[in-house]
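I have placed the structure first, in the form of structure tokens, so that the comments after it can refer back to it.
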């Protein structure tokens, strides 16, 4: 009578038993990791724009303040993109014939706004407010990354709920003095852990930043 | 039929795609899973900034503009919120005398009408869409001809117009062409009131009651708290005069009426009397003041009532006031003027705001005569719909059709448009410039919030067209008028800007006039006949029918009956018994040649031999939502007495109709007095403990305690001030993107209102309790949610996290207050009722509130978006939120300020003071839920001598 089982049958059986225990957990863990990976959050994608506006040139090179273009950022939930008119304050004098600026000139001539492609996107059920983050000392680059070195923009942070909560649970490491909020080159000082706690004590009036109603309504 | 049975039927109906079998379902599941796995990320989104940003605008922040909205031709001042150029919310204008910062259902629903996809979008004639130049070309030869004859053959037919600019335009036009006829009528006509003043004073005058100075008010078939252009103001004044807890200083309200009105529900003493007999009470009051009129003989309850009211009225020299309603004939109004004069009643008189010196019905009759005689060749109907809403006996439809060239300017291609040779689209009140006067004469500029959505025109533009004035825009015309007429003292630009910002033209209220002593009219008591009287009233939801295509209003539960999507014939209990009918039974109503077959709704406390019903239903051309809902009673309306039809016979016929109600599925047995306790003012002073379940009470509980270390939000609702007008219900709907579900879903017991108004009948008297979410500290909905979608926040708000909700509905089952609402379908998100789902309707959504999808639970949030906005503003300034800084949508709308909201952790807050009132109570407080929403009990101020006067 031939053997029913090959010699390696035991090994296979043990492997299967272990796999039954391990694979589901591993799959869930992999799923979690993948869902928050830069690939899935689209952090790797540099978004094309109708006009190849370079933050590297305007912010890093020329030193324009963020608020020159994003005028509403201190008062409104949205930072706002500049109206064509703002571009033309300089570009009616500079690079007036540049081909890459043709869409801007056409926009002004035809009274047709420029359609920019959105880079940082949150789900519709998240009510994010730029102005309160600015007022509380969260700098632009904390979420938007080193814009002064980015020719075209990409999403610099994962923008997952876990990432939001990370800061809402403990904002101290990210808090800046009011004067530094718009500094594109700000680096956390060595004693940020102490400074952050002092700033949080001084500026943050809400100890309940993890309430669901803070972002969802 | 009880609610359980309805729900069983709902379950039997099955899901919408019931043809999907198991195999198909599996296929769909697999393909769906495959698609999800193969999906390639989120769709791209764009940001579109301005080319040139409008002055004063900050992207992402709402803008507010003062304007005014018409109702029955009179304006109510409003402040409209616009987001990214879309008007989304109407609030009251505190500076405006007809608003005082509050709104009514019609004002709140106006934004939805703006985005109504059924609105007329282009001129229409000869069965096809035309353009304006074709109309102008067709009109021009007729105008030239009429001009050659000083306007003979040319006629205007309008509703009530109080716009100073438009009146000036029409007057200039009729002055240039004296033969032009201007007819004017209004479906909610008040000719009897006007004629009563003429009878008493030999000149027209409008009575304005000063409720603040009144101590005893008797309404005779009048409804100052009911729907109408004065509702908000009168409701504020009356409830404010009732706020004090001193019985002698509080306004005591007596009401005599055939069917329930909001005034009757608030009244301390109410008498149900058929419309004809109401005059007997007035005569008895006059007799007690010394008039030589015959004594009232029966019915006994009317005698007692009249004697007690007369004694009370005369006892308060200068504080007694009698008001008669439009259903009463001019003699009764004249008699009331005489009584008020004898009582030195707190009333003022102004010259009528409506300048046309002719009654509406008389004007309409002369139109009929002229049209029949062929004297009208060219007819312009501006903003009116007479074919639907003129009294039926005038047969207006034939008259309009008989005119060779008729053009109607209207928002919808309605019944009148179908009879006219031309229909022209009218610019919505939120789209065009105009002006309007309030009931007291105060003028406001109507500011547009958005450019016209369609190729429409305003009445000003049409008048300019008729006058051959080309070019001026409505803005130029309105501004031009005020440049000439306004009291701007030379600096017009400043004056204009200030007036626009205020929403009120300063010092424009009509001046008080002094009148001679009123004459005593010839009036004698009558006795009622054997037959029924049909009493008409404006509908509390649709008013005169012009709002019939507004889904929010169609689904707004009417006070008392809670009926939606339809009307009914209201019958007294005794009459229903003798006819052998119950709710929903069809009856035949015969009046002369007119016959109406309609369902019955039995009403406790209605006068016998009275059939009551409301206008506004049975539209043939309202639009996809409002057409063929309910039955039309305009065709029964007699022109000689537009609010009552005497000598009607009613008989039962076979058949039933399912009345769509949102409450009253079963009778409460005794609990009502615990749910809505009521006290007399006199008792309140005597008893320190009223035996109520007090706010903040802390029965033993297994719930873990919460630590509150920040704001603690709470609401107090004063049921003594609630008049049941529904303004809060529609305001909540507008603010919070609450969808409508449609009549089919209502029929199976579903509806979505976050705020409902409970109506409890105790001892035959209804009373209203608005019920939003209680935001319980020990919330029964929270522990049963398997996914923590129903969860507490640190400020005590009971949150519903939509993106977590999986739709188990456990929370709804466990909520003792039944305030949670479930999206059985995508009511706002893909499965909307009829045209409510069209793309343009989405423009009404508030961007600060999530639009909930199918399978998600929702409920009142205390307007958490407003709390958040205030919190962020306060935190930017490093301060606490001020008491009163947060105003919820329902609170802002409430004309009587019955709703208060604030922070319990602030010991000095108003909300804490209100919760400490002796009549404060927690609804179902004995359950230990510790609700944050608490109530103030209903307070009544009955006459202690009432009934003692029987002799």
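The values are calculated or read from the model by the stated rules, or taken from the named source; none is laboratory data. Treat the numbers as computed from the prediction; the structure is a model and nothing was measured. Virtual Cβ from ideal backbone geometry, glycine too; neighbours counted across all protein chains shown.
Things worth noting here:
- Only listed residue being at pLDDT below 90 and outside any loop (DSSP other than H, G, I, E, B), chosen from B:12, B:1: B:12
- Condition broken by residue B:255, with the remaining ones in (1) in a strand (DSSP E or B); (2) surrounded by fewer than 22 Cβ atoms within 10 Å (Cβ to Cβ) satisfied: (2)
- Of A:94, A:101, A:62, A:108, all but one fail to be more than 18 Å from the chain's Cα centre (by Cα) and in contact (Cβ under 8 Å) with a residue 40 or more places away in the chain; the exception is A:101.
- Residue A:82 under 23 Å from residue A:161 (Cα atoms) and at the interface with chain B (Cβ under 9 Å from one of its Cβ atoms): no
- Matching entry among B:274, B:279, B:252 (being closer than 21 Å to residue B:944 by Cα and either touching a residue at least 24 places away in the same chain (Cβ under 8 Å) or touching a strand residue (DSSP E or B) at 6+ places or on another chain (Cβ under 7 Å) (or both)): B:252
- Residue selected from region A:101-128 under the condition at the interface with chain B (Cβ under 9 Å from one of its Cβ atoms) and part of a helix (DSSP H, G or I), by the criterion surrounded by the most Cβ atoms within 10 Å (Cβ to Cβ): A:107
- Within region A:31-78, the set of residues being away from every other protein chain (no Cβ under 14 Å), in a helix (DSSP H, G or I) and over 30 Å from residue B:869 (Cβ atoms) comprises A:32, A:33, A:55, A:56, A:57, A:58, A:59, A:60, A:61.
- Annotation note: of B:95, B:86, B:64, the sole residue that is at negative phi, more than 14 Å from chain A (Cβ to nearest Cβ) and surrounded by fewer than 17 Cβ atoms within 10 Å (Cβ to Cβ) is B:64.
- Residue B:317 satisfies every condition listed in (1) assigned to a loop (DSSP other than H, G, I, E, B); (2) out of contact with any helix residue (DSSP H, G or I) (no Cβ under 8 Å at 6 or more places or on another chain) except (2).
- Enumeration of residues in region A:171-210 that are free of Cβ contacts under 8 Å to residues at least 24 places away in the same chain, assigned to a helix (DSSP H, G or I) and under 18 Å from the mean Cα position of the chain (by Cα): A:173
- Residue match in region A:136-145 (condition: facing chain B (nearest Cβ under 10 Å), touching a helix residue (DSSP H, G or I) at 6+ places or on another chain (Cβ under 8 Å) and touching a residue at least 60 places away in the same chain (Cβ under 8 Å)): yes
- Qualifying position, being modelled with pLDDT of 85 or more, more than 40 Å from the chain's Cα centre (by Cα) and more than 14 Å from chain A (Cβ to nearest Cβ), among B:71, B:26: B:26
Every residue, every condition in (1) within 30 Å of residue B:717 (Cα to Cα); (2) part of a strand (DSSP E or B); (3) in contact with a helix residue (DSSP H, G or I) (Cβ under 6 Å, 6 or more places away or on another chain); (4) modelled with pLDDT under 95, yes or no:
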position	(1), (2), (3), (4)
B:235	yes, no, no, no
B:244	yes, no, no, yes
B:263	yes, no, no, no
B:276	no, no, no, yes
B:296	no, no, yes, yes
B:301	no, no, no, yes
B:305	no, no, no, yes
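- Tally of residues being within 27 Å of the chain's Cα centre (by Cα) and within 14 Å of chain A (Cβ to nearest Cβ) across region B:830-866: 18
- The set of residues in region A:146-170 that are within 13 Å of chain B (Cβ to nearest Cβ) and part of a loop (DSSP other than H, G, I, E, B) comprises A:153, A:155, A:159.
- For region B:873-911, the set of residues classified as buried (at least 20 other Cβ atoms within 10 Å of the Cβ) and not in a loop (DSSP other than H, G, I, E, B) consists of B:889, B:890, B:891, B:892, B:893, B:899, B:900, B:901, B:902, B:903, B:911, listed by residue number.
- The residue list B:94, B:187, B:117 contains one member that is part of a loop (DSSP other than H, G, I, E, B), without any contact (Cβ under 8 Å) to a residue 24 or more places away in the chain and either closer than 30 Å to residue B:253 by Cα or in contact with a helix residue (DSSP H, G or I) (Cβ under 9 Å, 6 or more places away or on another chain) (or both), which is B:94.
- Residue pairs whose Cβ atoms lie under 6 Å apart, separated by 6 or more positions or on different chains, with the first residue in region B:567-583 and free of Cβ contacts under 8 Å to residues at least 40 places away in the same chain and the second not in a strand (DSSP E or B), are B:573/B:604; B:574/B:608.
- Exactly one residue among A:213, A:131 is surrounded by 17 or more Cβ atoms within 10 Å (Cβ to Cβ), within 12 Å of chain B (Cβ to nearest Cβ), assigned to a helix (DSSP H, G or I) and in contact with a strand residue (DSSP E or B) (Cβ under 7 Å, 6 or more places away or on another chain), and that residue is A:213.
- Verdict on residue B:783 being touching a helix residue (DSSP H, G or I) at 6+ places or on another chain (Cβ under 6 Å) and more than 12 Å from chain A (Cβ to nearest Cβ): no
- Per this entry, residue B:605 is not counted among residues that are in a loop (DSSP other than H, G, I, E, B), within 16 Å of residue B:541 (Cβ to Cβ) and modelled with pLDDT under 95.
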